[in-house]
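Student: Just passing along the structure, written as structure tokens.
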Amino acid sequence: LEQKALASDNKALRGKALRALAGWPNASAAPDLLAVAKGAGSDVEKILAVRGYINLAQQGVGLSGAEQAAMLNEVAGLCERPDEKRLVINSLRASTHPDAFALLSDYMKDEALKGEAEISAAELAWNLRWSFPEEVAAMADALVKSENPSVQAKAKEALADISRPSSYIRGWLVAGPISGDAISLYNGALDPEKDAASVKWSLLSRGIGEKAIDLAQSYGESHNSCAYFKCTVVAPEDLSAKLSMGSDDGIKAWVNGALVHAYMGGRGVIPDQDVVNINLKKGENNLLLKIVQMGGGWGFSCRVLGQDNMPIAGLKTVAQ
């Protein structure tokens, strides 16, 4: 209906359709908004379309980090007003992919936008430091030259963290938390494990310790809830490995869609308290965890090791 309304001669109807598409629950409405933004409509309609497109990209439902960054890059060339450019800059700081750095670097060349672009780039560098250390290091090296002391400090902190590598996975995308009876949540197949592409995933940025993730720092000491965490394990070759985990409280783990571990009970996080054998294929492997909270503390720990219990040379993980 909204697509038909966009073709209407009725200006009010077209505006109503654009507003509806701008608030769409996923990015499927993005092509229609982009067509209006690039078309011959009124200035007001183009502004509505551009802002709606930015909103869908920022929400990121059903999008990978690279797709989200590509959408923002696409719309950036259509932004003529400073406030729309600032919307893009603010959206980029929450990106989950380092492609966003290139666009922020372009904005940093504009004196009117440089300060805001540097702030977003520093925030993005901090958030992505565990998943994309090489790309973050390149951006942080530029940001330490900023005239903004807080930007300098954030960049230096990111570089310091990158210099302390760890076998524990600290870069995750998260969906949730989801409230309900803890046992039912543990036993039920919820949306993130049925159709991960339809779920809004955000980058985990708080509670990240050297060995464990403290979820209470992000969600408080909630009761009867669960959250999902995913990342991509990139293996240098086909290999047999160990998935080593700890959880407070319950946990389920899937590798490439196959359930490899399940535990339900009240306990505190102890790194390496659960260890299972897994097979990784050369290249990208999908790792998904469900962490169930009964009460009290809430968190988890996870890493991938070789059969000799040592880190695997050439293996890396990315939050995507």
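The values are calculated or read from the model by the stated rules, or taken from the named source; none is laboratory data. Just so it is clear, the structure is predicted and the values come from calculations on it, not from any experiment. Every residue, glycine as well, gets a Cβ built from its backbone with ideal geometry; the counts of neighbours run over all protein chains shown. Just the protein is used for accessible areas: all its heavy atoms, side chains included, with ligands, DNA and RNA removed. Shrake-Rupley method; radii C 1.70, N 1.55, O 1.52, S 1.80 Å.
Student: Once the piece of chain linking S166 and L13 is laid out straight, how much longer is it, given 0.36 nm per residue of separation minus the C-alpha distance between them?
Tutor: Length gained between S166 and L13: 49.5 nm.
Student: Here are some values of Cα extents along the principal axes in Å: [x] 77, 60, 47; [y] 102, 38, 35; [z] 65, 48, 39. Which one was computed from this structure?
Tutor: Answer label, from the structure shown: [z].
Student: Work out, step by step, the length gained on full extension between N187 and S28: first 0.36 nm times the residue separation, then minus their alpha carbon distance; give nm to one decimal.
Tutor: Length difference between fully extended and current span is 54.1 nm.
Student: Per residue, how many Å² of accessible area does the stretch 262-320 show with a 1.4 Å probe?
Tutor: Result: 46 Å² of accessible area for each residue.
Student: Hey, how much of the P(r) for the stretch 145-284 falls beyond 20 Å, as a percent of Cα pairs?
Tutor: 56
Student: Taking the simple approach of a point 7 Å from Cα along Cα-to-Cβ for both S42 and A20, what is their distance in nm?
Tutor: Distance between label points: 1.9 nm.
Student: Can you tell me which of G115, G77, G296 moves the most in a GNM of the chain? Springs connect C-alpha atoms under 10 Å apart.
Tutor: Of G115, G77, G296, the Gaussian network model singles out G77 as fluctuating most.
Student: Another question, then. Given springs between every Cα pair under 10 Å in a Gaussian network model of the chain, which of Q68, Q293, Q307 has the largest fluctuation?
Tutor: Q307
Student: Could you tell me how many degrees, from 0 to 90 and to the nearest 10, lie between the Cα long axis of helix 65-76 and the main elongation axis, the longest principal axis, of the Cα atoms of the chain?
Tutor: Helix 65-76 and the main axis of the chain meet at about 20 degrees.
Student: Near I213, within a Cβ-to-Cβ distance under 12 Å, what is the net charge of the other residues, with Lys and Arg +1 and Asp and Glu -1?
Tutor: With Lys, Arg at +1 and Asp, Glu at -1, the neighbours total +1.
Student: From zero up to wherever the largest Cα-Cα distance of the stretch 131-220 sits, split into 10 Å bins and tell me the percent of pairs in each.
Tutor: Pairs per bin, as whole percents: 14, 32, 32, 15, 6, 0.
Student: Let me ask another. For the chain, what is the relative contact order in percent, using Cα pairs closer than 8 Å and at least 6 residues apart in sequence?
Tutor: 15 percent.
Student: Let me make sure I get this right: for the stretch 31-151, a, b and c are the square roots of the gyration tensor eigenvalues over alpha carbons, sorted descending. Under 1.5 in a/c it's rounded, otherwise prolate if a/b > b/c, else oblate. Which is it?
Tutor: oblate
Student: Please compute the length gained on full extension between V260 and K114, using 0.36 nm multiplied by the number of residues separating them and subtracting their Cα-Cα distance.
Tutor: 47.8 nm
Student: How far is helix 114-128 tilted off the main Cα axis of the chain, in degrees rounded to 10, range 0 to 90?
Tutor: 30
Student: With r as the distance between the Cβ atoms of L78 and D214 and R0 = 45 Å, compute the FRET efficiency 1/(1 + (r/R0)^6) and round to 0.05.
Tutor: 0.65
Student: Follow-up question, since we're still on this one. Determine the dipole magnitude for the stretch 32-188: charges of +1 sit on the beta-carbon of Lys and Arg, -1 on that of Asp and Glu, nothing else is charged, the reference point is the Cα centre, and the result goes in debye to the nearest 20.
Tutor: Approximately 280 debye in magnitude.
Student: Note the direction-averaged projected area, equal to a quarter of the hull surface, for the Cα convex hull of the stretch 2-72, in nm².
Tutor: Across all orientations, the stretch 2-72 yields a mean hull projection of 4.1 nm².
Student: For a Förster distance of 22 Å, can you work out the FRET efficiency between the beta-carbons of S198 and A66, rounded to the nearest 0.05?
Tutor: E between S198 and A66, to the nearest 0.05, is 0.80.
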